[in-house]
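Okay, structure first, notes after.
The values are calculated or read from the model by the stated rules, or taken from the named source; none is laboratory data. Note that the structure is predicted; figures quoted are calculated from it, not measured. Counting neighbours? That spans all protein chains shown, and the Cβs are built from the backbone with ideal geometry, glycine included. Note: accessible area is taken over every heavy atom of the protein model, side chains too, but ligands, DNA and RNA are not part of it. Shrake-Rupley method; radii C 1.70, N 1.55, O 1.52, S 1.80 Å.
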Amino acid sequence: MTVDVRAVAESEFPGWQRALRTGFLRPPVVTDDEVADRLAHVDLARTLGAFDRDRVVATFRSFRQEVSTVGGGSLTADAITQVTVSPTHRRRGLLSRMMAADLAAAKERGDAIATLIAAEYPIYGRFGFGAASWSTEWSVDVRGAGLDPRRSGRPEDGGRIDLTDAEEIRKVGPEVHRRLAGVRAGVTDRRPRDWEVGTGLGVHSDPWREPFYALYRGESGEVEGFVAYTADDKWDDAKQPQNTATVRDLIAVTPAAERALWHYLCSVDWISTVRSGYRAPDDPLPMLLPDPRAARTLTYVDMLWVRVLDVVRVLESRTYPVADGLVLDVRDRDGFAGGRYRLDASPDGVSCVGTDASADLAFDIAELGTLAFGDESAVRLCRLGRVEELTAGAAARADLLFRTPLRPFSPDIF
């Protein structure tokens, strides 16, 4: 029988949730409370299911999102999440059908990009997505870091660290997060629901473990950063603490806040190891330690994937450090955003228009997703065969235009 792909009705949502959990290899049981809690925060018109008779065998959902661009601008995105196909229905084109329907709706709405976090790397390039940001996780050997054990973690710049609770984080956190989006590309917005779930409110699929919270206030008293972290309780046979502090969330918008929060975490009594959680690959953490080798890299992995739906808006949404002009031949086999575009950019402004002029560079739409947020090199993509240089030196000129001093950072998985 034909498998039907369509939006999910309210009465079908429990079955959709069970299929979702099956796809993610979680116990396929959902409570009434969990269904009610989830249902209150989803748009059923953007919640797709593949139905074999009356059983959901694939899931797909999207929602509105804002993503920061280079220079502090933002783009409206179609954020894609909760994508699964049940093991009984793999390789039948169900993901392709759901993706095509969602991207067509996003294009019609006027969304500039689509975004997602990929569980598996090879899947989404064929739909025009490119990895726009990467993340690194470190494990810090506190005893080998070289920090003065006599210091208490007290900042030396006139600021202060204060322990706090979830309620205060919900009050002050959103403004700190908005400030981060002003200085880093790739930051996705957090809705009130995200702050609630991230601080223990609402229904959780797994048991909630309350973290410790700490704020950094600058000399003026303004909050410039915060951290949420958990700690285990592990002692060795010689009665020596071997505890690990694991960062759940750390947002800092000034160098002073970054330094103070990392030094604070490395000064907590009984903590021998600090796991950083996902950070920007150029996070200063290792170099904030007297011995950077104490920060061992655990993970370096792709994070935010971007599918460009509107080339002009994407390229005009960001700033550029130098003045230059390039003609880009953008290929999009799905027909959403292909064409030839002339980009004229400088620190004073930017213009991107369609053109018939000869192209300087040619590439697939997925490569634009990697270039537009400043994290990838056009020269390297040429060496990989993913960008074609049609005018000598054009790739190096593109790097001067697109690359950024700070790499994109996407702190949230959605």
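Within a straight-line Cα-Cα reach of under 16 Å, K234 can be paired with the following aspartates and glutamates, leaving aside sequence neighbours fewer than 8 residues apart in one chain: D141, D269.
Partner aspartates and glutamates whose Cα lies under 12 Å from the Cα of K171, excluding those fewer than 8 positions away in the same chain, are identified as E196. Phi angles of region 336-348 translate, via the Karplus equation with coefficients 6.51, -1.76, 1.60 and θ = phi - 60°, into HN-Hα couplings of 7, 8, x, x, 10, 10, 9, 9, 10, 9, 7, x, 8 Hz per residue; Gly and Pro are given as x. Amide hydrogen proximity for V387: with H placed 1.01 Å from N in the peptide plane, the residues at 5 or more positions away or on another chain lying under 5 Å are C382. Its DSSP H runs of at least 4 residues, each contributing -39,500 (n - 2.57), put the calculated 222 nm mean residue ellipticity of the chain at -7000 deg cm²/dmol, to the nearest 500. For S205 and E120, a Förster radius of 35 Å and the Cβ-Cβ distance give a FRET efficiency of 0.95, rounded to the nearest 0.05. Listed by chain and number, the aspartates and glutamates whose alpha-carbon sits under 15 Å from that of K107, ignoring those within fewer than 8 places in the same chain, are D78, D310, D332, D334.
Per residue, how large is the accessible surface of region 170-232? Use a 1.4 angstrom probe and give square angstrom.
47
First measure r as the distance between the Cβ atoms of T355 and A104, then evaluate 1/(1 + (r/R0)^6) with R0 = 30 Å and state the FRET efficiency to the nearest 0.05. Approximately 0.70, to the nearest 0.05. The simple spin-label model puts a point 7 Å past each Cα toward its Cβ; for D237 and A392 those points are separated by 7.0 nm.
Shape class of region 298-414 from the alpha-carbon gyration tensor: rounded, with the ratio a/c of largest to smallest axis under 1.5. Shown here for region 158-224: chymotrypsin sites (Phe, Trp or Tyr not before Pro) in loop regions (DSSP other than H, G, I, E, B) with at most 16 other Cβ atoms within 10 Å, namely W208.
Amide H contacts under 5 Å for D364: R331, restricted to partners 5 or more places along the chain or on a different chain, H placed in the peptide plane at 1.01 Å from N.
Look at the alpha carbon pairs under 8 Å that are at least 6 residues apart: their mean separation over the length of the chain gives a relative contact order of 19 percent.
Accessible surface for region 261-413, divided over its residues, is 43 Å² per residue with a 1.4 Å probe. Computed on the Cα atoms alone, the convex hull of region 346-414 gives a volume of 138 cubic angstrom per residue. Using the Karplus relation 6.51 cos²θ - 1.76 cosθ + 1.60 with θ = phi - 60°, the per-residue 3J(HN,Hα) values for region 258-265 come to 4, 4, 5, 5, 5, 5, 4, 4 Hz, with x marking Gly and Pro.
Summary of the geometry: region 48-117 and region 330-386, compared by the centres of their Cα atoms, lie 24 Å apart. Over all pairs of different C-alpha atoms in region 194-257, the reciprocal of the mean inverse distance, the Kirkwood hydrodynamic radius, equals 14.0 Å. Pick from L147, L25, L328: which is most flexible by mean-square fluctuation in a GNM of the chain where alpha carbon atoms under 10 Å apart are linked? Comparing L147, L25, L328 in the GNM, the peak value goes to L25. A dipole drawn for region 195-277 from +1 and -1 charges on Cβ atoms has a positive end, and of S276, G198, G221 the residue lying farthest that way is S276.
Rounded to the nearest 20 debye, the dipole size of region 103-142 about its Cα centre is 300 debye, using +1 on the Cβ of Lys and Arg and -1 on the Cβ of Asp and Glu. Backbone phi angles across region 107-122, fed through the Karplus curve with coefficients 6.51, -1.76 and 1.60 (θ = phi - 60°), yield HN-Hα couplings of 4, 5, 5, x, 5, 7, 9, 10, 10, 6, 10, 8, 6, 10, 5, x Hz in residue order; Gly and Pro are listed as x. Around D329, what is the net charge, scoring Lys/Arg as +1 and Asp/Glu as -1 over all other residues with Cβ under 13 Å from its Cβ? Local charge sum for D329: -4. Only Lys, Arg, Asp and Glu carry charge here, each on its Cβ (+1 for the first two, -1 for the last two); on that basis region 219-352 has a dipole of about 440 debye about its Cα centre.
Nonpolar atom fraction for the chain, defined as the carbon and sulfur part of the 1.4 Å probe accessible area, stands at 49 percent.
Each of the peptides 379-387, 350-358 was scored by the mean count of other Cβ atoms within 10 Å over its residues; in descending order, highest first, they stand as 379-387, 350-358. Note on A40 and R150: the extension gain reaches 34.6 nm, defined as 0.36 nm multiplied by sequence separation minus the Cα-Cα distance. Charge tally for A185 (other residues, Cβ to Cβ under 9 Å; Lys, Arg +1; Asp, Glu -1): +2. On the beta carbon distance between R64 and T230, with R0 = 22 Å, the FRET formula returns roughly 0.10.
A cut-off of 5 Å between modelled amide H atoms, ignoring neighbours fewer than 5 places along the same chain, links W138 with S276, G277, L298.
In this Cβ point-charge picture (+1 for Lys and Arg, -1 for Asp and Glu), the chain has a dipole of about 820 debye about its Cα centre.
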